[in-house]
Amino acid sequence: MRLGIFGGTFNPIHLGHLLLAETARDALKLDRVLFIPAGRPPHKAAPGLAPGRERLRLIQLAIRDHPAFAASEIELQRPGPSYSVETVRLLRHQLPDAKLFLLIGQDMLAVRWVAWSELKRLCTVAAVRRPGSRGRHRERGIEWLTMPQMGLSSSDIRARLKAGRSIRYLVPPAV
């Protein structure tokens, strides 16, 4: 099995997240993409972070019609910061024969990751470019994916909601 691991705050999940997952599924020939909302994101402050169960429910609504997409609460069940390496270790243990791919946006390469070298040994890191991001197209140990560029972010969507503006066509209708 070829499994894409897509973690994040998903606060809320939006069409850019879904496009990244579908791009990776197609390009990497993934059998499944697992969306994993972070319980406590270690790389950013969490003011305004919706409760984990709410974010998980929005993910489930957003992906319910895609047979290759699934949601997991494994990081919501674990106390403390949600480190990707711990999640990948657990999935490696549960699925020893699977080929694992960690799906990230290019912006996440600027974050200081816990056990980055181990993470790259346990799985293939697959990154997609974000609008306005620069950098070498080939970085060591990263599989680069090309996808249509969308300038969406969860923080922009939250700001629109706070201002009473529409988020139609930015998130799935069920979200």
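The values are calculated or read from the model by the stated rules, or taken from the named source; none is laboratory data. Since we're looking at a predicted model, the values are computed, not measured. For neighbour counting, all protein chains shown are included, and Cβ atoms are generated from backbone atoms with ideal geometry for every residue, glycine included. Only protein heavy atoms, including side chains, enter the accessible area calculation; ligands, DNA and RNA are left aside. Shrake-Rupley method; radii C 1.70, N 1.55, O 1.52, S 1.80 Å.
Using just the helices of the chain, give the 222 nm mean residue ellipticity in deg cm²/dmol: DSSP H runs with n ≥ 4 each add -39,500 (n - 2.57), and the total is spread over all residues, rounded to 500.
Taken over the chain, the calculation gives -9000 deg cm²/dmol.
With a 1.4 Å probe and every protein chain kept in, tell me what percent of the accessible surface of the chain is carbon plus sulfur.
Reported share for carbon and sulfur atoms: 51 percent.
Note down the accessible area of His93, probe 1.4 Å, to the nearest 10 Å².
150
Just want the answer: with Cβ charges of +1 for Lys and Arg and -1 for Asp and Glu, which residue in Val88, Thr124, Leu152 is farthest toward the dipole's positive end in the range 47-159?
The listed residue farthest towards the positive side: Thr124.
Report, for the chain, the % of DSSP beta bridges that are antiparallel, rounded to 5.
0
Taking only C-alpha pairs under 8 Å that are 6+ residues apart, what is the relative contact order of the chain in percent?
Relative contact order of the chain: 28 percent.
How big is the chain in terms of Cα radius of gyration and Dmax, in angstroms?
Radius of gyration, then largest Cα-Cα span, for the chain: 15.4, 48 Å.
For Glu143, tell me the accessible area in Å² from a 1.4 Å probe, rounded to the nearest 10.
Its heavy atoms expose roughly 80 Å² to the probe.
With contacts defined as alpha carbon pairs under 8 Å and 6 or more residues apart, what's the relative contact order of the range 1-102 in percent?
Here the relative contact order equals 38 percent.
Give the angle, between 0 and 90 degrees and rounded to the nearest 10, that separates the Cα long axis of helix 84-94 from the longest principal axis of the Cα atoms of the chain.
60
Where does helix 15-27 land angle-wise versus the long Cα axis of the chain, in degrees 0 to 90, nearest 10?
It is inclined by approximately 30 degrees.
Order of 27-37, 103-113 by packing, highest average Cβ count within 10 Å first?
Top of the packing list down: 27-37, 103-113.
As a test of reading the structure, rank Glu118, Glu54, Glu75 by solvent-accessible area (1.4 Å probe, protein chains only), most first.
Result, largest first: Glu54, Glu118, Glu75.
Hey, what's the chain come to in accessible area per residue, 1.4 Å probe, Å²?
55
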